[in-house]
2 protein chains.
Amino acid sequence: MYAAPDLARQDCSGCPIRHRAVCARCEPDELTRLEEIKFYRTYEAGQPVAWAGDKMDFVASVVSGAATLTQTMEDGRRQMVGLLLPSDFVGRPGRSDLSYDVVAVTDLVMCCFRKAPFEQLMITTPHVAERLLEMTLDELDAAREWMLVLGRKTAREKIASLLAIFARRDTILTPDGTREIRFDLPLTREAMADYLGLTLETVSRQISALKRDKVIVLEGKRAVQVPDFNLLMEEAGDDSDGGMLV
Amino acid sequence: MYAAPDLARQDCSGCPIRHRAVCARCEPDELTRLEEIKFYRTYEAGQPVAWAGDKMDFVASVVSGAATLTQTMEDGRRQMVGLLLPSDFVGRPGRSDLSYDVVAVTDLVMCCFRKAPFEQLMITTPHVAERLLEMTLDELDAAREWMLVLGRKTAREKIASLLAIFARRDTILTPDGTREIRFDLPLTREAMADYLGLTLETVSRQISALKRDKVIVLEGKRAVQVPDFNLLMEEAGDDSDGGMLV
DNA sequence: CGTCCGCTTTGACCCAGATCAACCAGGGAG
DNA sequence: CTCCCTGGTTGATCTGGGTCAAAGCGGACG
């Protein structure tokens with residue numbers, strides 16, 4: 001876990017997301033210019049960062065913590081459309097109003113840039129624009145992958161797919177060096193339901209079912225251990241093998 | 001309808017997508033450089049453009065016609081993850097393998113650029129990269145909008161949402177100037193089902209239901225007329241009004 | 001140390017949409 | 001003119017996941 005930084009700190013070189021965020025490709029001089037316009041904001045778990053329809057006058061990178069992007073219909077139905085983890089970028093250079101709610105799900109630290117100077121900077125420092133394009137293309141691929149999950153997978157496959165995502169992101173190497181897959185769920189059952197297009201009851205039932213079938217082992221309600229990752233992938237309906245042959 | 005162009009033609013200035021595609025922002029000299037590396041390809045309705053997992057050695061803009069992006073699971077379940085219409089862009093500078101199938105659904109003309117020269121050109125002509133970023137961000141927004149449709153909308157709402165998309169894109173002004181909304185469905189029932197995460201039977205039933213309820217008027221199986229666009233939006237579960245007040 | 005509250009689990013029942021199956025319409029080929 | 005073949009419609013039935021309801025389970029707080 002990354003300690004909330006001193007809000008006045010200016011040094012990007014020790015930043016935990018330095019090598020993965022929009023600034024990843026920047027040369028030292030470009031970084032200096034970014035440092036001049038950046039500022040930090042922190043949010044507590046549960047706090048909104050911005051609402052759909054708001055004008056958001058800044059863009060930002062997640063430094064630590066997690067945030068969700070959700071769309072809501074008038075009658076209250078909700079769909080999570082993105083999950084922001086450290087190094088992910090929010091905001092849309094070139095447009096100002098947001099089309100989804102952004103909410104901190106854990107304590108959150110963001111590295112923000114006021115929109116106008118950032119847009120200016122994108123023109124003068126190609127490495128920022130270049131990296132942002134790459135990140136946006138990755139996001140688009142992920143969104144499309146998720147469309148398959150939402151449109152065609154069963155409840156059990158959906159849960160397994162979500163667990164597989166967390167497993168890939170958060171695997172902890174145990175002290176004795178065995179490559180055991182073990183992580184904490186960063187979301188409540190309700191948030192998982194919003195992500196997967198399910199109800200929280202179905203999420204709970206399917207997690208119980210996967211536990212019963214020994215696909216996962218639960219320690220408490222949040223800690224998950226995956227004894228066999230290939231089995232999990234199979235449950236997710238993804239072809240874990242293949243693709244390298246032929 | 002745009003006639004299939006002479007495959008050797010080099011003049012971008014008369015191109016029907018000149019002002020909306022990746023090249024929209026190009027200055028005349030940038031356009032000249034694009035012209036030097038471009039070439040056209042045509043596909044007949046139903047033909048594949050590329051398969052998931054293929055290395056695609058070019059990127060392209062749709063000039064006329066339509067293509068679908070679909071992902072397929074091993075057991076045959078399919079989900080359309082994108083619909084390419086004129087001016088839309090396919091391909092991913094920076095990566096080579098495709099993660100979905102690209103298939104022409106109507107006769108299709110594409111303006112292609114070999115990947116390596118295009119990537120080179122992106123570095124030297126910022127207007128291409130700039131426009132591509134903007135288009136990719138739009139695609140991402142659209143993909144996220146679609147996640148709400150797939151995850152939370154009912155079958156009837158899904159159909160209405162799809163019809164609304166076509167209506168917005170393809171509205172034809174009738175000769176006498178009345179703003180009647182009337183268009184042809186570019187997709188079969190099966191393709192609509194793949195787009196919406198439904199079965200083709202459900203698609204057919206819901207279209208019949210919307211017809212019965214006078215939300216749409218069908219002329220034959222493909223021609224659709226929408227007497228009241230607001231009613232259609234309401235059926236889609238979208239808040240057609242609102243957003244401009246406050 | 002008890003109680004309250006947010007989160008989770010579990011059960012019983014129901015319904016939207018899937019599945020299985022039959023049939024229809026039109027248009028191209030022989 | 002008929003045959004067939006592709007895409008579309010419609011009906012009957014089944015079922016995965018939603019809905020409604022009740023109860024467990026920490027952990028914060030008085």
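The values are calculated or read from the model by the stated rules, or taken from the named source; none is laboratory data. All of these numbers come straight from a predicted model, not from anything done at the bench. Virtual Cβ from ideal backbone geometry, glycine too; neighbours counted across all protein chains shown.
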Right, A:Ala116: more than 13 Å from the chain's Cα centre (by Cα), modelled with pLDDT of 95 or more, outside any loop (DSSP other than H, G, I, E, B) and not basic (Lys, Arg) or not? no
Residue list for the range A:57-81, restricted to those being surrounded by fewer than 23 Cβ atoms within 10 Å (Cβ to Cβ) and at positive phi: A:Gly76
Residues being closer than 24 Å to B:Asp184 by Cα, touching a Lys or Arg at 6+ places or on another chain (Cβ under 8 Å) and at the interface with chain A (Cβ under 9 Å from one of its Cβ atoms): count how many of those fall in the range B:75-98. 4
Based on this model, can you work out whether B:Ile165 counts as away from DNA strand C (no atom under 16 Å from the Cβ) and not charged (D, E, K, R)? yes
Looking only at the range A:89-106, count every residue that is in contact with a Gly (Cβ under 8 Å, 6 or more places away or on another chain) and within 10 Å of A:Ala67 (Cα to Cα) and tell me the total. 4
Consider B:Arg156 against the criteria (1) farther than 25 Å from B:Pro16 by Cα; (2) at pLDDT below 95; (3) of a type in the set (Lys, Arg): it satisfies all of them except one. Which criterion is unmet? (2)
Would you confirm, using the coordinates I've provided, whether A:Asp184 is modelled with pLDDT of 95 or more and either exposed (fewer than 14 other Cβ atoms within 10 Å of the Cβ) or within 14 Å of DNA strand D (Cβ to nearest atom) (or both)? no
Please determine, by comparing only the residues of the range A:114-172 that are more than 11 Å from chain B (Cβ to nearest Cβ) and in contact with a Ser or Thr (Cβ under 8 Å, 6 or more places away or on another chain), which one is farthest from A:Leu31 (Cα to Cα). A:Ala155
So which residues in the range A:34-74 are away from every other protein chain (no Cβ under 14 Å) and in contact with a Leu (Cβ under 6 Å, 6 or more places away or on another chain), if there are any at all? A:Tyr40, A:Tyr43, A:Ala50, A:Val62, A:Gly65, A:Ala66, A:Ala67
Of (1) more than 8 Å from chain A (Cβ to nearest Cβ); (2) assigned to a helix (DSSP H, G or I); (3) more than 19 Å from A:Leu137 (Cα to Cα), B:Thr106 satisfies every one except (2)
Matching residues in the range A:36-56 (of a type outside the set (Lys, Arg), surrounded by fewer than 16 Cβ atoms within 10 Å (Cβ to Cβ) and not in a loop (DSSP other than H, G, I, E, B)) number 4
